[in-house]
1. Can you tell me which residue within segment 158-175, out of those that are touching a His at 6+ places or on another chain (Cβ under 9 Å) and buried (at least 20 other Cβ atoms within 10 Å of the Cβ), is modelled with the lowest pLDDT?
2. Provide a single number: the residues in segment 110-138 that are of a type in the set (D, E, K, R) and either touching a His at 6+ places or on another chain (Cβ under 6 Å) or at pLDDT below 90 (or both).
3. Restricting the search to segment 139-157, which residues are touching a Phe, Trp or Tyr at 6+ places or on another chain (Cβ under 7 Å) and modelled with pLDDT under 85?
4. Are there any pairs, at least 6 apart or on different chains, whose C-beta atoms fall under 6 Å, with the first in segment 9-35 and more than 17 Å from Asn72 (Cα to Cα) and β-branched (Val, Ile, Thr) and the second modelled with pLDDT under 85 and part of a loop (DSSP other than H, G, I, E, B), and if so, which?
5. Restricting the first residue to segment 166-183 and requiring it to be in contact (Cβ under 8 Å) with a residue 60 or more places away in the chain, which pairs with a second residue that is part of a helix (DSSP H, G or I) meet a Cβ separation below 7 Å and a spacing of at least six or different chains?
Amino acid sequence: MGLSMSGSDQYRNPITSSGSSILDANELLLTKKILSLREHYDIGDRSGNILAVGEGNLIQIPANFKVTDPRNGQLIMQIEGKILTIRHQFTMKDSLGVELGTIRKKLMKLIGEELWVEKDGKEVMRIYGNFLEHDYTMEMNGKIVAQVHRKWVTIRDQYGISILGDVDRRLVVGATIVLEHIEVEERRSRS
């Protein structure tokens, strides 16, 4: 018997687990390992517990990432880049391969940068702010659902993620990984 989800229910946590999870946390820290052969991210809570691990190859075309639970290796989500596009495009999927949304970067904007996430051809989230400074906001239906801020006092790149509304945490974590990847890629192409 299948479950039918409507409205914002489709972005709620479909997985229940014992203990804390990125799927129900409201405050997360995404930490990037700088000296690594792969793009590696630890996603943890404010107490330092690692709740998920994101892995992607540095020189993979198109870029792909897998986010897993470090306690059992279970896939939480995957992020797949598209190779032949004018603008950056990444599709986020759940552990069963069902699309959560596709993130796209706006080609041109007069001031700042902007991205959006769409599903089934409809915008579900808008992301805006200062991506170079890693200070940006995620909005759904005109309401702020998450904010990301870079932590400057650490040895490794670290981003604080605050969930402020009813949103699938996988969309927020996935978008944060994609934004960091795009920034690294653009920095590399400028040098």
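1. Looking at residues that are touching a His at 6+ places or on another chain (Cβ under 9 Å) and buried (at least 20 other Cβ atoms within 10 Å of the Cβ), I get Tyr159.
2. Going residue by residue through segment 110-138, those that are of a type in the set (D, E, K, R) are 113-114, 118-120, 122-123, 126, 133, 135.
Now narrow it down to the ones that are either touching a His at 6+ places or on another chain (Cβ under 6 Å) or at pLDDT below 90 (or both): 113-114, 133, 135.
Going through segment 110-138 one residue at a time, the tally reaches 4.
3. Once the filter is applied, which keeps residues that are touching a Phe, Trp or Tyr at 6+ places or on another chain (Cβ under 7 Å) and modelled with pLDDT under 85, segment 139-157 yields Arg150, Lys151.
4. Thr31/Arg156; Ile34/Arg156
5. Qualifying pairs under 7 Å: Asp166/Ser8; Val167/Tyr11; Asp168/Tyr11; Leu171/Tyr11.
The values are calculated or read from the model by the stated rules, or taken from the named source; none is laboratory data. Fair warning: this is a prediction, and the values are worked out from it, not measured in the lab. Here the Cβ is made from the backbone with ideal geometry for all residues, glycine too, and neighbour counts use every protein chain on show.
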